[in-house]
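Visitor: Have a look at this one.
Every number in this text was worked out from the coordinates using simple rules, so none of it is lab data. Small disclaimer: the values here were computed from a predicted structure and weren't measured.
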Amino acid sequence: MSGGFFERIKAGLSKTRNLVRGSLDELLGGQRRIDAALLEEVEELLVSADFGLKTAHDIIQAVERRRHREGIADAVALRRALAQEVQARLLAIAQESLRFAGTSPTVLLIVGVNGVGKTTSVGKLAHYYGSMGKRVVLGAGDTFRAAAAEQLVIWGVRAGVEVIRHEAGSDPAAVAFDAAKAAVARRADLLIIDTAGRLHNKVNLMEELKKVHRVLSREIPGAPHETFLVLDATTGQNALAQAKIFCEAVAVSGIILTKLDGTARGGIIVAIAGELGVPVRFVGLGEGLDDLRPFDPEAFTQTLFGPE
Ligand SMILES: Nc1nc2c(ncn2[C@@H]2O[C@H](COP(=O)(O)OP(=O)(O)OP(=O)(O)O)[C@@H](O)[C@H]2O)c(=O)[nH]1
Ligand SMILES: [Mg+2]
């Protein structure tokens with residue numbers, strides 16, 4: 001279950017890895033010359049793994065420039081150049097997985113559309129930071145569905161942390177208020193607030209998130225210190241479109257990319273970096289308590305383009 005990030009991401013990313021490595025092996029077999037035509041095929045391969053049209057094009061242009069400047073004569077040099085270009089784009093915006101505020105509690109707001117894995121990720125984060133010895137409190141800000149708070153309470157029990165909840169249908173901002181009070185009273189290190197993914201319409205959802213945001217900032221200076229948008233990797237470019245809408249409404253400071261284990265579209269991580277400039281902080285690699293890991297750009301790049 002546990003194991004290093006590298007082993008875990010290799011397994012979790014196996015579909016993307018098989019697509020990228022398998023196709024590269026095919027393209028580069030038979031001692032093919034590294035020329036513009038080959039690079040065009042590599043670009044298509046990156047697009048098929050959801051690196052995004054623009055980002056794939058940028059990467060291949062950079063590799064093409066290097067081919068002229070440094071000479072890229074063989075498959076080994078090409079893989080190395082691809083790895084460097086991808087990694088540079090991820091490292092340019094990389095952040096530690098969670099920036100703790102100078103004064104506790106640090107408040108983390110979790111947003112995203114329905115079904116992407118918000119509540120599951122809140123539970124896994126509670127476990128992750130709880131295991132590190134942090135005192136964690138959860139706020140059940142999804143009051144839209146009756147079962148939502150129940151689901152969070154189950155995760156709270158699994159992770160061994162307290163969950164602040166109200167009746168279904170009550171005001172999420174009131175939950176945020178109580179959760180902030182409780183986190184201060186309990187001297188928590190970290191308060192994580194789950195939110196609803198669906199409301200009657202999109203305007204309502206965004207207005208509600210802004211209200212939760214206002215309440216948190218009134219109760220705890222600087223809160224929410226981080227706002228993570230949860231995106232489902234299996235939805236590919238749709239995830240990117242969602243992200244753009246959320247980033248316009250709330251100050252998203254990081255991305256949690258879930259369900260990487262279920263897709264060959266893991267290149268979306270690079271598209272997010274290239275097009276949104278928001279760092280992926282955690283990746284979801286399965287449904288278990290341990291299956292949320294801090295994102296490591298180097299391990300990701302090595303998994304897709306490294307020597308073995
Ligand atoms: N395979 C896999 N499944 C995941 C991952 N993260 C979440 N899921 C599954 O995705 C489904 C939806 O997860 P939730 O956490 O309920 O999603 P949500 O965003 O809270 O959904 P709403 O509350 O309805 O908006 C569940 O079946 C989870 O087990 C992941 O990293 N990998
Ligand atoms: Mg939920």
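Visitor: Given a cut-off of 21 Å, what percent of all Cα-Cα pairs of segment 187-288 lie beyond it?
Guide: Working: 1998 of 5151 pairs.
The proportion of pairs with Cα distances above 21 Å equals 39 percent.
Visitor: Per residue Cα convex hull volume for segment 12-117, in cubic angstrom?
Guide: Dividing the Cα hull volume of segment 12-117 by its residue count gives 148 Å³.
Visitor: Another one. Per residue Cα convex hull volume for segment 78-119, in cubic angstrom?
Guide: 123
Visitor: Shifting gears a bit: For K54, go through the lysines and keep the ones whose alpha-carbon is under 21 Å away, minus same-chain ones fewer than eight residues off.
Guide: K244
Visitor: Determine the relative contact order of the chain: mean sequence separation of Cα pairs under 8 Å and six or more apart, normalised by residue count, in whole percent. Display every interim value, and only then the final one.
Guide: Details: 567 pairs, mean separation 84.3, N = 308.
Value for the chain: 27 percent.
Visitor: What translational diffusion coefficient, in µm²/s and rounded to a whole number, does the Stokes-Einstein relation yield for the chain at 37 °C and a viscosity of 0.692 mPa s, taking the hydrodynamic radius as the Kirkwood radius over Cα pairs? Each step should come with its number before you reach the end.
Guide: Numbers: Rh = 20.2 Å.
Estimated via Stokes-Einstein, D reaches 163 µm²/s.
Visitor: Here is a further query. Stokes-Einstein D for segment 133-219 at 25 °C, 0.890 mPa s, Kirkwood Rh over Cα pairs, in µm²/s? Each step should come with its number before you reach the end.
Guide: Working: Rh = 13.0 Å.
Rounded to a whole number, D works out at 189 µm²/s.
Visitor: Please report, for the Cα atoms of segment 68-153, the Rg to one decimal and the Dmax as a whole number; what are they, in angstrom?
Guide: Answer for segment 68-153, Rg first and Dmax second: 20.5, 61 Å.
Visitor: Can I ask one more? So what is the 222 nm mean residue ellipticity for the chain from helices alone, if each DSSP H run of at least 4 adds -39500 (n - 2.57) and you divide by all residues, rounding to the nearest 500 deg cm²/dmol?
Guide: Working: 12 runs with 161 residues, N = 308.
My calculation for the chain gives -16500 deg cm²/dmol from helical runs alone.
Visitor: Across segment 112-223, how many lysine pairs, 8 or more apart or on two chains, come within less than 24 Å at their alpha-carbon atoms?
Guide: Lysine pairs meeting both conditions in segment 112-223 amount to 12.
Visitor: Going from the alpha-carbon gyration tensor of segment 1-42, what semi-axes, largest first and in whole Å, does one get by taking the root of 5 times each eigenvalue? Write down the numbers at each step before the final one.
Guide: On the way: eigenvalues 175, 15, 13 Å².
They are 30, 9, 8 Å, listed largest first.
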